[in-house]
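Peer 1: What follows is a structure written as structure tokens; I'll ask about it next.
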Amino acid sequence: MTELYRGAWVVAYRDLLNYVSDRFRMVASLTFPLLFLAIFGGGFSDVIGRMAGGVDIVQFMYPGIIAQAVLTTSLFGGVSVVADRETGFLREILVAPVSRTGIVLGKVVGATAVALLQVLMLLLLAPVVGVPLDALTVLTLVPVVVTLSIALAGLGVLIASFAPSREGFQTAMWMLVFPMIFLAGVFFPVDRIPLWMEVLSKINPVTYGVDAVRQVLLGSQVAGAGLGVTVLGYSMTLVQEVALVGVIGVALVASASWAFGRDA
Amino acid sequence: MSIHTSDYTVELTSDKHATSEPARPAIIDVRALSRRFGPVEAVHDVTFRVGEGEVFGFLGPNGAGKTTTIHMLCTILRPTGGQATVGGFDVVDQRGDVRRSIGLVFQQTTLDDALTAEQNLRFHAYAYGVPADVRERRIDELLNLVELAERRGDRVRVFSGGMKRRLEIARGLLHRPRVLFLDEPTLGLDPQTRRRIWEYLAQLREREGLTVFMTTHYMDEAEQCDRIAVIDQGSIVALDTPVALKSAIGGDLITIATGDATAAASEIRERYRLSPIVTDGAVSFQVAEGGTFLPEFVRTFTQPLEAIGLRHPTLDDVFLTLTGRQIRDDAGNGSQSGSKGDRHD
């Protein structure tokens, strides 16, 4: 048990250390969500105007952008596994007296912590986009973001365990990230789109994460106003969405542990 | 003038279980260890023991199975046959205990070059559960030992190859291992750095009674080991002290150049009762004591001598005698002529 715990914390510690000592990466990781918000929000706000429930497009997109930042950061957390394999540092980790599952958990925890940091930074924008924030909202948001991040970091490590190279991993990631973002209700509600898109969106677990973040930030009435996610006519509650993402997350992290430890 | 040594008589036991025993109790005990990769047997039925405090070398060309063996002993590769214990722990069933008892320096660097020297060491201390009260003192001590104390806050990215290697040795010792494994520790380093690394190792051994297990294909490094196992194509072909290995293959080698090699060879055969061989116009033969034989030879030999060479046997000759091939891969110039069986492991 100590080998699991020690592995998890030492790996997470080092990933965080790498993140905070790399200012460029810190800044770069925030530009993408901000660009999305500025360009799409600015471009659409005049065209679309007010949406159901009295929210405008920027308010609608803002929670989605937060979820999108979590998605990108968490998935790309797996890149450190591939990079460590290429630089040789993975071997230093693998020969240490720590468990493989602990290492995977450490990668997941590290990515989740980085994602959470980014979310907190993006929350500073809430007044600018006209989303009211209070302490309770922020406290509710934390477990939602953590759950979503764990699931996606698990997926990232799972893919990284099979990726032959950093380039291969990144290609696979972008192939995954774009459909996951665009079919997750970040930019538009997923209930009023062509059927094929709607089906794909509702299979995409990120959709429920995006909607959960939205329900926390904009209040649960947006779901009632037709901006939420319904499955076969049933309107998902916040708790149900988080639980769903959590179950998928456990499965993904377990698969990642298996995949990462399989050659030992 | 090139000197050919293929005429050494084979007197060594080519028995694959050739074992000289360590002087002290065994800390590494390997029995019939094998590793197969698909159809290829990279390590075949290897048996040896390493005593506590010994510097033990694995000598062989690239692809001989050195790295595969070290990886099995370090628990990162499962053997497909046989057993091995390190520090009394089984390398398959007690991996955690083995890992805590060993320090490792791999052939390729395994540092995080985005972190500083100190951060790399601290990561290692955390990963191995080094208690907090001794951690910082240990880090200071080791950074001093490898002369990197002043660079402790620098990112590893800016370090030279030699500095990285020294840092890795320091890191490998941080959790006070009983055995330090070094896989080609000085590969690609310049001669001065190589010498320095050997000095650190000698110090550590004296101060801490550390056991060192290393692989190398440098003869001068193998010379510094207490005992060496010569490994070729996955099997140990000889195991003994460097002195014993060299003396087992016979005496010194003398090579002469004369105007008429054939006549010279026949005179050497008849007058001195030796067995010369002629290669490229040069005549080589072996005598027990080259230093005392030569003056007598120069005085009595009747043909005009153009050049004389005297050479004591080297581990290269040992390898050549045992395998019929040369080991060398001469330091960094990448020429691998003569080592036809190269197989990277």
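The values are calculated or read from the model by the stated rules, or taken from the named source; none is laboratory data. Since the structure is predicted, the reported quantities are computational estimates derived from the model, not experimental observations. Backbone-built Cβ (ideal geometry, glycine too); neighbour counts: all protein chains shown.
Peer 1: Can you confirm whether A:ILE150 is away from chain B (no Cβ under 14 Å), under 20 Å from A:ARG214 (Cβ atoms) and part of a helix (DSSP H, G or I)?
Peer 2: Yes, satisfied.
Peer 1: Pick from the stretch A:94-104 the residues that are facing chain B (nearest Cβ under 9 Å) and either surrounded by fewer than 19 Cβ atoms within 10 Å (Cβ to Cβ) or hydrophobic (A, V, I, L, M, F, W, C) (or both): which of them is farthest from B:ILE70 (Cα to Cα)?
Peer 2: Step by step, filter the stretch A:94-104, then rank; the result is A:VAL98.
Peer 1: Let me ask you something else. Is it the case that some residue within the stretch A:58-71 is without any contact (Cβ under 8 Å) to a residue 24 or more places away in the chain and either surrounded by 15 or more Cβ atoms within 10 Å (Cβ to Cβ) or within 12 Å of another protein chain (Cβ to nearest Cβ) (or both)?
Peer 2: No, that holds for no residue.
Peer 1: Within the stretch B:270-303, how many residues are in a loop (DSSP other than H, G, I, E, B) and either outside the structural domain of B:ASP260 (by TED's automatic domain parsing) or within 15 Å of B:ASP260 (Cβ to Cβ) (or both)?
Peer 2: 6
Peer 1: I would also like to ask the following. Which count do you get for residues in the stretch B:103-133 that are farther than 24 Å from B:THR68 by Cα and touching a Gly at 6+ places or on another chain (Cβ under 8 Å)?
Peer 2: Adding up the residues that qualify gives 4.
Peer 1: I'd like to check something: does the stretch A:77-93 contain any residue that is surrounded by fewer than 22 Cβ atoms within 10 Å (Cβ to Cβ), assigned to a helix (DSSP H, G or I) and within 16 Å of the chain's Cα centre (by Cα)?
Peer 2: Among the residues of the stretch A:77-93, at least one is surrounded by fewer than 22 Cβ atoms within 10 Å (Cβ to Cβ), assigned to a helix (DSSP H, G or I) and within 16 Å of the chain's Cα centre (by Cα), which makes the answer yes.
Peer 1: So which residues in the stretch A:1-12 are of a type in the set (Ser, Thr, Tyr) and either more than 10 Å from every other protein chain (Cβ to nearest Cβ) or in contact (Cβ under 8 Å) with a residue 24 or more places away in the chain (or both), if there are any at all?
Peer 2: A:TYR5
Peer 1: A:ARG50 is checked against (1) more than 22 Å from the chain's Cα centre (by Cα); (2) within 14 Å of chain B (Cβ to nearest Cβ) and fails just one. What number does that condition carry?
Peer 2: Failed condition: (2).
Peer 1: Please go through the stretch B:84-132 and pick out each residue that is under 23 Å from B:GLU54 (Cα atoms), facing chain A (nearest Cβ under 8 Å), assigned to a helix (DSSP H, G or I) and touching a residue at least 40 places away in the same chain (Cβ under 8 Å).
Peer 2: Matches in the stretch B:84-132: B:ARG100 only.
Peer 1: For the condition under 18 Å from the mean Cα position of the chain (by Cα), buried (at least 19 other Cβ atoms within 10 Å of the Cβ), assigned to a helix (DSSP H, G or I) and touching a residue at least 60 places away in the same chain (Cβ under 8 Å), what is the one hit in A:VAL242, A:VAL222?
Peer 2: Just one listed residue meets the conditions, A:VAL242.
Peer 1: Something else now. Taking only pairs six or more apart or across chains, which ones have beta-carbon atoms under 7 Å, a first residue in the stretch A:112-133 that is on the phi > 0 side of the Ramachandran plot, and a second residue that is at pLDDT below 90?
Peer 2: A:GLY130/A:GLN59
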